[in-house]
Amino acid sequence: MEPAPAKAKPQGRLLVSTPLDAKDELEEVCKGQQQHEEVCLGLFTLVLTEPTQAQRCYRDLTLVNRDGMNVILVKINQILMEKFLKLQDVPRTQLVWLVRELVKSGVMGADGVVMTLLKQIAGGDISTKNLWLAESVLDILLEQKEWVLKSGMLIAMSVYTYLRLIVDHGAPNLLPLRQKEVDFCISMLREKFMECLIIGRDLVRLLQNVARIPEMELLWRDLLHNPQVLSPQFTGVLQLLTARTSRKFLACRLTPDMETKLLFMTSRVRFGQQKRYQDWFQRQYLSTAESQSLRCDLIRYICGVVHPSNEVLSSDILPRWAIIGWLLTTCTSNVAASNAKLALFYDWLFFNPEKDSIMNIEPAILVMHHSMKPHPAITATLLDFMCRIIPHFFPPLESQVRQGVFNSLTFIMEKRVLAHLAPLFDNPKLDRELRSMLRERFPEFCSSPSPPTEVKMEEAVSLEMDNHVLDKEEGCYDNTEAAFSDDEEEVNNKGKKREFRFHPIKEAVMEEPADITPWLDQLDDTMKEKVLQLQKTSDTETQCEVMQEIVDLILEEDFDTEQMSAMASCLSELFKDHFRGDVLPEEITEESLEESVCKPVCLIFRNLVTMQEDNSGFSVLLDMLAELYQKQPKIGYHLLYYLKASKAANGKMMLYESFAQATALGDLHTCLMMDMKACQEDDVRLLCYLTPSIYSEFPDETLRSGELLNMIVAVIDSTQLQELMCHVMMGNLVMFRKDSVLNILIQSLDWETFEQYSTWQLFLAHSIPLETIIPILQHLKYKEHPEALSCLLLQLRREKPSEEMVKMVLSRPCHPEDQFTTSILRHWASKYDDTLGEHIKAQLIKNNNQPRKRQSLRSSSSKLAQLTLEQILEHMDNLRLSLSNTKNNFFTQTPILQALQHVQASCDEAHKMRFSDLFALAEEYEDSQSKPPKSRRKAPASSPRSRKGAAPPTNNEEESASSSASEEEDSKPKAPKRKRKGSSAVGSDSD
């Protein structure tokens, strides 16, 4: 074979060169990938910012680019997914203009950009910007119809989008836009029905919502009765309904921002701490009347797209059912509520275990299960909907819908989402009619044995050993079941659940060696060398030195986001042992604390502490810490510990606020609560150690809600409780303040018994007047709130009764088993008889003076507890009986007898009969007034009035007392209606 001829040196496009010539700079500019990207992105920027030059720049872009516009398409997608909401008006308009030009030019991949642009059109939003975007994208699709028809996925995605948007555009001023949308959808559905068929069952749901529009009604009839007209391959509506809708379609109706927030809630937010996120989401997306329609999109997305891993399912991350419950309870429109329920149950109706996922039907059953105790009305509404949807969804397919719901319930049982359904379907909290309908529809599920909890736990463990993904989920569900058991078992089961969930996971992880290879290549050589050095060294001092060098490099170099993320991944992996051990030393001394903060990860904290906030490196290090926080959430409470324990950080606790604002959470309160929750789960000693400084440094974040307090009292033991009380009494810790304490104590009424007792003990350690929290009595029911009632009773017996206290005590409903009011009145009657007598007199006279009509109106008003004349008389009669066998002279006091005489003169015969023994005391007093006066104990200075003078008090003191009490009453928190009217029978249970 002859040797191949030597290849000639390729010639450049600009210059003639010989093999000996060096590369020329001018020639090279045109070749490099980086230079090509820079030129393309430069022209792209001009298109977005300079509308007058846009046409010329786009022409240049088409000539210069060498990758089929790929650089531009990637950049547009990135802007749409991450920065679209931040774009100014001109770049937003220009971006849509550029997409139109790309579509006109037939650029490959432009259909993907259009689909991303469709995703940015928000549902439930008729703001000017959103309407402009909806119409602009629709115009592109209409103008370039031939191009659209080449992409089956784009056809389906745009039909799905605009069918959904039509619902929002019913206002008269939006009808032209709606007509364009209707025409587009009709044309696509009639010309390309098989492409639209890939949407699946949600296409039917969307068509149902617009079926009354005349053109849509015709299409709807063909769909139901003449399917062949739409396509010879289409057999009928059942073909659509049995096909599960792809995640792509369910996700396309949420903007990237909504999607990010929802995914954050379902992967990072702990259950019990979701309120702030929900409030933010509500303000941002659900605050207008039009936004009601968005709830269906959110529920379909949560059911069909958000399928958490087993690790998340077995943790205390906010579960899907809780978000759906929130979306249902905040519905303000009946139509929206009905559509939201349909969205929740939609996958149930034609459920096929072989094709459908348990994850799609799981949220509905769990919303019903978990709402039964706190919100039985929600469970009842959903069960009623589930029963009624079977015959009403589409009568010709009733048997298929019945089978679909039956399949769902059977699969839920098989997969142990719930151990059995009888407690749900045959629950005494449901009304009789609903229970009988459930028994009629689902007799198979209405009676079931109740295995003991221990057996369920064993089953859960054995399922957890299985390799099948769904079986792993079952184990988690059984633990959820254990947490919602009967009250008497709850504490025990909670303990078991906690034991079962966390310990095996921790032990398993301990064995894994640090592997940082996936991220090393993203670091530059110098940094990579330092990280490898850190990995090889086990000596803490050397590690700290290397870590300082890494920090110096971070501050010197221009670290991009990708490198920052890679570095954070390396550090979180290398330091994972540091985040597993106890942070707080066994014995707390200055030396041991200082030693505990000499770990390599603390070097980042130390550098931050020594910097000024206006130093450019300060924000770089904060960003580094925020990246690390995403990989290792424990870094948050480690920073709090460092700021408290390190001498170097003395007085720098507010650095944590800067850190919180730099994180993805971007909010001090949220960040603090999440970090304290993580600390609570890992190390209760550390939680108690941090508590005084957290409360004193961040009072606005800690004192305004019960979130943090509940975290603390849920885990402390009696010794730690006593230590916290000592901190309070020594002035190192303030856990309550006057303006928020009542609200927090009301929140605590739903907590566990020990948690409530601890809360009251901590409250009593403060010097807050009892009058501040006495209105809580209006919320306390004798069967449901024994902890608060017993703590209040013991505290009230130490207090001298004030008018407000007496009023609140008397406003409690009378019940033969509820001895609270009688017991405290009896105590006060023996110790402060004259003070109590005056206050009761004031209440009796004031309530007797109110016109009867007004009184009945008041008793049905929105106040929690209404003080009625009858109620005071009932309590007085109970007190009389309680004192009857004692030598107590309470009922011989002139103020009490005067008040009874006053009431007797004006009350009706029924009351006179009912309280005859009480009024008999007043009659004896009246008789005594007609005799020569004897010296009576503690008589008022003014002479007693005779029977004829038994009228409202005329002296100024009594009038002012009465009016001030009235003003005070109006200033109290409003409360729910009393169930009992003023004239209810003795002993009726208004609770």
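The values are calculated or read from the model by the stated rules, or taken from the named source; none is laboratory data. Only a predicted model underlies this, so the values are computations on that prediction, with no experimental measurement involved. FYI the Cβ positions are ideal-geometry reconstructions off the backbone, even for glycines, and counts take in every protein chain you see. Areas reflect the complete protein model, heavy atoms only, side chains present, ligands, DNA and RNA absent. Shrake-Rupley method; radii C 1.70, N 1.55, O 1.52, S 1.80 Å.
Heavy atoms only, probe 1.4 Å: what % of the accessible area of segment 32-124 goes to carbon and sulfur, would you let me know? Present the calculation step by step, with values, prior to reporting the outcome.
On the way: 2440 of 4450 Å².
After summing per-atom areas, the C and S share lands at 55 percent.
Give me the Å³ per residue figure for the convex hull around the C-alpha atoms of segment 161-211. Working shown, then result.
Details: hull volume 3.3 nm³, N = 51.
Cα convex hull per residue, to the nearest whole number: 65 Å³.
How big, in percent, is the set of alpha carbon pairs in segment 515-634 lying more than 22 Å apart?
Details: 2312 of 7140 pairs.
That tail contains 32 percent of the Cα-Cα pairs.
Take the Cα atoms of segment 49-92, find their three principal axes, and give me the spread along each one in whole Å, biggest first.
For segment 49-92, the Cα extents along the three principal axes come out at 31, 24, 7 Å.
Of Lys783/Lys887; Lys807/Lys846; Lys83/Lys528; Lys738/Lys831; Lys536/Lys599; Lys373/Lys429, which sit over 20 Å apart, Cα to Cα? Please list the in-between numbers first.
Working: Lys783/Lys887 32 Å; Lys807/Lys846 11 Å; Lys83/Lys528 31 Å; Lys738/Lys831 28 Å; Lys536/Lys599 16 Å; Lys373/Lys429 9 Å.
The pairs that break the limit, which is 20 Å between Cα atoms, are Lys783/Lys887; Lys83/Lys528; Lys738/Lys831.
Distance between Cα centroids, segment 348-410 to segment 106-126: provide it in whole Å.
Using only Cα atoms, the two centres lie 33 Å from each other.
DSSP loop (so not H, G, I, E, B), at most 12 other Cβ within 10 Å: list which chymotrypsin sites (Phe, Trp or Tyr not before Pro) in segment 532-597 pass both filters.
Numbers: sites: Phe559, Phe575, Phe579; in loops: Phe559, Phe575, Phe579.
Here no chymotrypsin sites (Phe, Trp or Tyr not before Pro) fit, given the DSSP loop and packing criteria.
Mind running the shape call on segment 65-219? Use the C-alpha gyration tensor, a ≥ b ≥ c as the square roots of the eigenvalues: rounded below 1.5 for a/c, prolate if a/b tops b/c, oblate otherwise. Don't skip to the answer; put the middle values down first.
Working: a/c = 2.09, a/b = 1.40, b/c = 1.49.
Because a/c hits 1.5 or more and a/b fails to exceed b/c, segment 65-219 counts as oblate.
In square angstrom, what is the accessible area per residue of segment 274-359 with a 1.4 angstrom probe? Let's see the in-between values first.
On the way: 3070 Å² over 86 residues.
In whole numbers, segment 274-359 has 36 Å² accessible per residue.
When the accessible area of segment 278-331 is split by element with a 1.4 Å probe, what percent falls to carbon and sulfur? If you can, show how the numbers build up before the last one.
Working: 890 of 1720 Å².
In segment 278-331, the share of accessible area belonging to carbon and sulfur is 52 percent.
Which three numbers, in whole Å and largest first, are the semi-axes of the equivalent ellipsoid of segment 44-123 derived from its Cα gyration tensor as √(5λ)?
Details: eigenvalues 74, 48, 21 Å².
Gyration-tensor ellipsoid for segment 44-123: 19, 16, 10 Å.
Using a/c under 1.5 as the rounded threshold, could you call segment 336-446 rounded, prolate or oblate? The axes a ≥ b ≥ c are square roots of the C-alpha gyration tensor eigenvalues, and prolate needs a/b larger than b/c, oblate otherwise. Intermediate values should be presented prior to the final figure.
On the way: a/c = 1.37, a/b = 1.20, b/c = 1.14.
Rounded shape, in that the Cα axes give a/c under 1.5.
Arg221 versus Thr332, label points 7 Å from Cα toward the beta carbon: distance in nm?
My value for the distance between the label points is 3.9 nm.
Show me, bin by bin at 10 Å from 0, the whole-percent P(r) of segment 127-185 based on Cα pairs.
23, 57, 19, 2
Please work out the Cα center distance from segment 738-788 to segment 666-726, rounded to the nearest Å.
Computed from Cα coordinates, the inter-centre distance equals 18 Å.
Across every pair of different alpha-carbon atoms, what Kirkwood hydrodynamic radius in Å does segment 608-727 reach? Provide the component values of the computation, followed by the final result.
On the way: mean 1/r = 0.0673 Å⁻¹.
Its Kirkwood hydrodynamic radius stands at 14.9 Å.
Top to bottom by accessible area (1.4 Å), largest first, where do Trp321, Trp280 land?
Details: Trp321 35, Trp280 80 Å².
The ordering from most to least exposed comes out as Trp280, Trp321.
Please report, in Å, the Rg and the Dmax of segment 262-409, where both are computed over Cα atoms only.
Answer for segment 262-409, Rg first and Dmax second: 15.3, 46 Å.
Quick one: which of 720-726, 636-642, 907-913 comes out on top by average Cβ neighbours within 10 Å, and what's the full order, highest first? Could the numbers behind the result be given before it?
Details: 720-726: 17.3, 636-642: 24.6, 907-913: 12.0.
Most protected by this proxy first, the peptides run 636-642, 720-726, 907-913.
Roughly how many Å² is the accessible area per residue of segment 50-148, as a whole number, for a 1.4 Å probe?
Details: 4630 Å² over 99 residues.
It amounts to 47 Å² per residue over segment 50-148.
Can you give the FRET efficiency to the nearest 0.05 for Thr892 and Ser767, using r as the Cβ-Cβ distance and R₀ = 51 Å?
Numbers: r = 37 Å, r/R0 = 0.73.
Once rounded, the FRET efficiency stands at 0.85.
Can you classify segment 692-775 as rounded, prolate or oblate using the Cα gyration tensor, where a ≥ b ≥ c are the square roots of its eigenvalues, rounded means a/c under 1.5, and otherwise it's prolate if a/b beats b/c and oblate if not?
Verdict is rounded for segment 692-775.
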